[in-house]
1. What's the extension gain from His2 to Val52 if we count 0.36 nm per residue and subtract their Cα-Cα distance?
2. Let me have the 222 nm mean residue ellipticity of the chain computed from DSSP H runs of 4+ only, each contributing -39500 (n - 2.57), with the sum over all residues rounded to the nearest 500.
3. Using the beta-carbon distance between Lys158 and Leu25 and R0 = 25 Å, what value does 1/(1 + (r/R0)^6) give for FRET efficiency, to the nearest 0.05?
4. Rounded to whole Å and ordered largest first, report the semi-axes of the equivalent ellipsoid of the chain derived from its Cα gyration tensor (root of 5λ).
5. Can you list which of the trypsin sites (Lys or Arg not before Pro) found in segment 53-83 are DSSP loop residues with at most 13 other C-beta atoms within 10 Å?
6. Could you point to the residue in His126, His114, Ile88 farthest towards the positive end of segment 58-154's charge dipole, with +1 and -1 charges on the Cβ of Lys/Arg and Asp/Glu respectively?
7. Of Val51, Val68, Val130, which is the most mobile in a GNM of the chain whose springs link Cα atoms less than 10 angstrom apart?
8. Test of understanding: in a Gaussian network model of the chain with alpha carbons linked when under 10 Å, which of Ala53, Ala28, Ala70 would top the mean-square fluctuation ranking?
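The values are calculated or read from the model by the stated rules, or taken from the named source; none is laboratory data. Source: prediction; values computed, not measured. Heads up, the Cβs are rebuilt from the backbone with ideal geometry, glycines too, and the neighbour counts pull from every protein chain shown. Just the protein is used for accessible areas: all its heavy atoms, side chains included, with ligands, DNA and RNA removed. Shrake-Rupley method; radii C 1.70, N 1.55, O 1.52, S 1.80 Å.
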Amino acid sequence: MHTYDLIVLGAGSGNMLFGSELEPLRAAVIEPDRFGGTCLNRGCIPSKMLVVAADAARAVTEGKRLGVHATLDRVDWRSIRDRIFDRIDPLHDRLQTAISWLSGSRIEQYMSAHQHDPNANELWSHFQAVISWVQLTFTTYRKEMKGLDWGSLYNQFKDGCTGQHHLGL
């Protein structure tokens, strides 16, 4: 069983609480869902993206008073929804993937060790390094490459692998 001095329930804006003044404390964030909370995942951000689509539809109908004669054929809500969540969901996937790559799949330990970092520059740099290595090393994409654990491959081969044939791809 783990013991903590501070527990934050929910990872909406709460994950921004861990400043230097909390450094002596053993702290944890408990989030049963995705980081970012309601605002990022189901509230503010998605609703603002819906408003943009609604404004575009309304502009068509209000254009007549400006001499713009146009019609609104239909609103494809499924496409609007997919556009919104196809942009939000990958953010979470990339964050989890980057932490897994950098931590060797020890996400809890990584988060504990880095809870007081002032930013995520180390994580972002590592993610970019893996992606750059993949793009330089594997110049031709093949469907068999989808879903590979690129972080582990990077960690294992970054210093000596110079092409796809070294990994049998």
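1. 13.5 nm
2. -16000 deg cm²/dmol
3. E between Lys158 and Leu25, to the nearest 0.05, is 0.10.
4. Details: eigenvalues 293, 166, 31 Å².
After scaling each eigenvalue by five and taking roots: 38, 29, 13 Å.
5. Working: sites: Arg58, Lys64, Arg65, Arg74, Arg78, Arg81, Arg83; in loops: Arg74.
Of the trypsin sites (Lys or Arg not before Pro), the ones in loops of segment 53-83 whose Cβ has at most 13 other Cβ atoms within 10 Å are Arg74.
6. Ile88
7. Val68
8. Ala70
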